[in-house]
Amino acid sequence: MRAAVIHRFGGPERVVLETLPRPVPKADEVLIRVHASTVSVADYRVRSLDLPKGLGFFGPLSLGVVRPRHPILGMDLAGVVEEVGAAVTRFAVGDRVIGLPGSRFGAHAELVRMKQDAPLALAPTGWSHEDAVALLFGGVTVLGFLRLRPITPGLRVLVNGASGSVGSSAVQLAAHLGATVTGVSTHAELVTSLGASRVIDYRSADFASSGEQWDLVFDCVGNAPFDRVSASIAPGGTLFLVIADLAGMLGARRNSKKLGGLVTGSNPSPTSADLERLTSLAEAGVLRPVIEKVYEFDEIQAAHARVGSHRKVGNLVLRVTPSES
């Protein structure tokens, strides 16, 4: 099989396509022919070791010191089950699936093994692999946070970074659940089409100094720590730090007490139930994918360069195996 491999940390040029042995599934595993994945900010951070402030010491302990611990990146996939282990009962050969290898990575390859009880589910009916995979990274992240503090009708929600992969999902889900959504983005037309009632262009206005308050703030950018935005959160409200530095993580409990609500950068691990809910929402027309560009597998270096620009809109989809094959 072909796989995108990194042998040393560094720039996009470190990602190279190589031919590796075909994986063999264990008894409780399925072997998936990957048709699409995404190149996300997580892939960028692992490849470059460009980590949030304060995490530079701890990052290599989990990501690798001399060389990457996970040489094949890719946290999400959409594809077709090609082989099943003897003990597999949830899936059959030929099933179209979506899955999240998550922090194990490995999805930037033509074939991936996953346990049948891993975050894995049938793909939305009638959706292309490219559209289906674009739901995962942002959608599951948002659903995880909403398990900690659900959105109720009438809640005032602000999404900082509303046009990214996580932010675009947060806008859609919050609007669907009845919230009044304000997006922070330079892409007003897109964010409004996703369900925001108002969009603040950060180039001309700072939501944190406006004097306005929201019940829930999603920080999908990493530039809205508690000390900067606490006055913008209503008493008893919530701050979800989708991107948190070390200070934000360590201060979350203390800041929750100050707010009388919830401040957190911790996101529960995704489950198959999360993926099944995403599928249901997609099939019901509640969620639509936001894709800036679909890259072919041999364009993966260009995809890494684009995600490293920190200017992408929605998702960068990687077509690993063309559907006609």
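On a 0 to 90° scale, report how tilted helix 136-148 is relative to the longest principal axis of the chain, with both axes built from alpha carbons and the result rounded to the nearest 10. So the inclination is approximately 50 degrees. Across all directions, the average flat footprint of the convex hull enclosing the Cα atoms of region 116-195 is 6.2 nm². For the chain, the longest piece that avoids every one of the GluC sites (Glu not before Pro) found in DSSP loops with at most 15 other C-beta atoms within 10 Å covers 1-211. Classify region 229-325 from the C-alpha gyration tensor, please: rounded if a/c falls under 1.5, else prolate or oblate depending on whether a/b exceeds b/c. Since a/c reaches 1.5 and a/b is larger than b/c, the shape of region 229-325 is classed as prolate. Subtracting the Cα-Cα distance of Arg288 and Ala27 from 0.36 nm times their residue separation leaves 90.4 nm of extension gain. Taking other C-beta atoms within 10 angstrom as a stand-in for reagent exposure, Ser169, Ser256, Ser280 fall in the order Ser280, Ser256, Ser169, fewest first. Calculated mean residue ellipticity at 222 nm for the chain: -7000 deg cm²/dmol, from DSSP H runs with n ≥ 4 weighted as -39500 (n - 2.57), summed, divided by the residue count and rounded to 500.
Working from label points 7 Å from Cα in the Cα-to-Cβ sense, the Ala205 to Asn223 distance is 1.7 nm.
For the chain, the alpha-carbon coordinates run over 58, 45, 34 Å along the three principal axes, in decreasing order.
Seen against the Cα atoms of the chain and their longest principal axis, helix 165-176 is set at about 60 degrees. With the largest listed first and rounded to whole Å, the semi-axes of the equivalent ellipsoid of region 137-264 from the Cα gyration tensor are 20, 16, 14. Counting neighbouring Cβ atoms within 10 Å and putting the fewest first, the residues Phe145, Phe297 line up as Phe297, Phe145. For the chain, the longest principal axis of the Cα atoms and the long axis of helix 272-283 meet at an angle of about 80 degrees. Here region 77-229 carries DSSP beta bridges of which approximately 35% are antiparallel, counting only pairs with both residues inside. Stokes-Einstein diffusion for region 260-303, with the hydrodynamic radius set to the Kirkwood value over Cα pairs and evaluated at 25 °C in a medium of 0.890 mPa s, equals 174 µm²/s. On full extension, the segment bounded by Ser309 and Leu148 gains 54.8 nm, given 0.36 nm per residue less the C-alpha separation. Treating r as the C-beta distance of Glu189 and Arg254 and R0 as 41 Å, the FRET efficiency rounds to 0.55.
In terms of other Cβ atoms within 10 Å, Arg69, Arg22 run from fewest to most in the order Arg22, Arg69. Considering only DSSP states other than H, G, I, E and B, which trypsin sites (Lys or Arg not before Pro) in region 280-325 qualify as loop sites with at most 13 other Cβ atoms within 10 Å? Of the trypsin sites (Lys or Arg not before Pro), the ones in loops of region 280-325 whose Cβ has at most 13 other Cβ atoms within 10 Å are Arg311.
Mean sequence separation of contacting Cα pairs (under 8 Å, at least six apart), scaled by the length of the chain, corresponds to a relative contact order of 20 percent. For region 1-141, the alpha carbon positions stretch 43, 31, 24 Å along the principal axes, listed from largest to smallest.
FYI, it's all coordinate maths here, none of it is from the lab. Treat the numbers as computed from the prediction; the structure is a model and nothing was measured. Every residue, glycine as well, gets a Cβ built from its backbone with ideal geometry; the counts of neighbours run over all protein chains shown.
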